[in-house]
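Reviewing the structure listed below.
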Amino acid sequence: MATEKLPAAHDREEAPITKQSRDTVIIVGAGQNTAHMSESIARLSEEHPVHVFEVNTPLIDVAPDHLHYTNTEQGRRSSEALLGSGAVHAAYLSVIPMLHEPMLNTYLTHAGEGRLDFVVLPKPFAQSVEELRKMRGMLRDAVARRQELDPDYNPEANPMLFIHEHYKEKGAWHELREQLNKVTERLGRLESVDIDIQEARTAEDEGRVAAFQGGALEDLGPHVISLGLDVQSSINTTDRYAIPNRSTTSVERFRYEDSDLPEGVETSFIVHGQTNIVDTERKEVHDVTFTWRGGKGLVNKKDATLIFVHPETGERSAIVVDLRANTLAVPDAVRDLFPVTEFDDNGYGYSVESGLNGGDPHRSFQHISEAEIVTKWQQALRNQGRKQTPIMHRRGTELRQLSTAN
């Protein structure tokens with residue numbers, strides 16, 4: 001990768017694109033989200049041509065002949081030539097949520113014509129259920145076109161669209177998810193789940209006011225919802241326990257003082273929820289409570305705590321996932337299931353590299369069917385939250401201190 005400072009768009013000309021083997025990766029947008037992936041993109045570029053489409057100076061190092069400023073005539077021509085060349089394996093659309101729908105239409109058209117294998121969007125997939133339906137229609141049309149051109153194409157085996165939900169692929173969480181069914185055999189039924197994704201920096205501090213226009217429930221809601229769905233789906237792989245698709249929730253919204261966000265937009269939230277867990281062996285139904293907290297301008301606290309109750313002894317046990325340090329704290333009864341408790345991949349590293357480099361993207365990215373459920377959950381929670389005005393608070397406060405449900 002080039003290390004020199006790249007010139008502005010008007011100071012340079014982009015190199016023309018020639019047809020290459022089908023292993024090229026396109027990154028559309030090189031802002032904050034892409035900057036998180038800089039190390040994985042650098043490793044990826046050692047084996048594959050990685051091209052970046054941008055309108056501003058990228059926040060990652062890009063070889064000049066692989067950088068296409070799409071707000072210039074030459075950049076548009078070179079980017080369109082690359083997309084139409086048949087050389088592209090994957091395109092990662094690292095853009096803000098309001099651009100997902102219009103951009104996806106272009107890239108799915110290329111995928112439907114067989115010029116592109118698949119597209120990855122960062123969470124959230126869609127901003128509303130209405131937008132979700134439009135994007136689902138785009139995907140359906142692209143799949144139909146691909147099958148028309150290639151009757152052997154199987155969209156289940158090789159989906160055209162994935163979502164990058166990086167919290168799901170943090171090493172510590174990934175390991176817990178993979179072992180959760182065995183955990184219940186020893187620790188018993190799940191009793192509660194507590195998830196915090198609180199950040200001290202504000203949207204203004206990060207320069208993300210535009211990306212945060214939809215509020216904390218849009219920006220951070222998909223993370224906590226996806227982790228909650230992970231718990232449910234993992235528990236439901238056990239032979240003994242099952243969590244149904246029924247729950248009750250209430251939402252509290254908060255807003256730090258002097259925010260530049262539109263009036264009424266929340267900067268943080270708390271979701272209080274309750275569902276059931278069925279013990280099929282003992283023919284019992286028990287309550288499971290869950291609390292999801294997320295927001296900015298608070299404190300730095302990112303963790304998940306799962307409490308289990310043993311059916312015979314009544315003993316309670318806790319597993320804590322530190323989502324900042326990327327570590328696991330587990331009781332002795334299950335320690336052998338977790339020989340490694342400290343992890344490097346924060347969900348932007350090797351998981352992304354593997355998913356884009358010709359490996360199995362199913363293991364790196366969220367399937368569209370789950371992303372759709374997340375969108376529906378998200379809209380339902382936002383509709384609940386809009387029934388009350390956000391509670392104002394000083395920056396640097398912990399959400400537990402703000403909750404009126406205490």
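What to note about this one:
- Subset tally (residues that are closer than 14 Å to Gly347 by Cβ and either assigned to a helix (DSSP H, G or I) or in the same structural domain as Val120 (by TED's automatic domain parsing) (or both)) for the stretch 166-189: 11
- Pairs, first touching a residue at least 24 places away in the same chain (Cβ under 8 Å) in the stretch 204-225, second outside any loop (DSSP other than H, G, I, E, B) and hydroxyl-bearing (Ser, Thr, Tyr), C-beta under 6 Å, six or more apart: Ala216/Ser268; His223/Tyr167
- Count of the stretch 113-130 residues which are over 16 Å from the mean Cα position of the chain (by Cα) and surrounded by 24 or more Cβ atoms within 10 Å (Cβ to Cβ): 1
- Restricted to helices (runs of 4 or more DSSP H) entirely inside the stretch 190-238, those with at least 3 residues that are touching a strand residue (DSSP E or B) at 6+ places or on another chain (Cβ under 7 Å) are 221-235.
- Flag if Arg246 is in the same structural domain as Gly171 (by TED's automatic domain parsing), within 27 Å of the chain's Cα centre (by Cα), of a type in the set (Lys, Arg) and farther than 25 Å from Gly188 by Cβ: no
- Checking each residue in the stretch 174-222 for being among the basic types (Lys, Arg) and in contact with a Leu (Cβ under 6 Å, 6 or more places away or on another chain) picks out only Lys182.
- For Asp150, the requirement of being over 29 Å from Gly228 (Cβ atoms) and either without any contact (Cβ under 8 Å) to a residue 24 or more places away in the chain or in contact with a helix residue (DSSP H, G or I) (Cβ under 9 Å, 6 or more places away or on another chain) (or both) is not met.
- Residue match in the stretch 90-98 (condition: assigned to a helix (DSSP H, G or I), within 22 Å of Leu356 (Cα to Cα) and in the same structural domain as Glu156 (by TED's automatic domain parsing)): yes
- Looking at the stretch 261-319, none of the strands (runs of 3 or more DSSP E) lying wholly inside it contains 2 or more residues that are surrounded by 14 or more Cβ atoms within 10 Å (Cβ to Cβ), in contact (Cβ under 8 Å) with a residue 12 or more places away in the chain and not assigned by TED's automatic domain parsing to the domain that holds Ala216.
- Yes/no for Arg395 being over 30 Å from Ala90 (Cβ atoms), at pLDDT 95 or above, of a type outside the set (A, V, I, L, M) and outside any helix (DSSP H, G or I): yes
- Of everything listed in (1) under 17 Å from the mean Cα position of the chain (by Cα); (2) acidic (Asp, Glu); (3) not in a helix (DSSP H, G or I), the single unmet condition for Glu101 is (3).
The values are calculated or read from the model by the stated rules, or taken from the named source; none is laboratory data. Since this is a predicted model, take the numbers as computed values, not measurements. Here the Cβ is made from the backbone with ideal geometry for all residues, glycine too, and neighbour counts use every protein chain on show.
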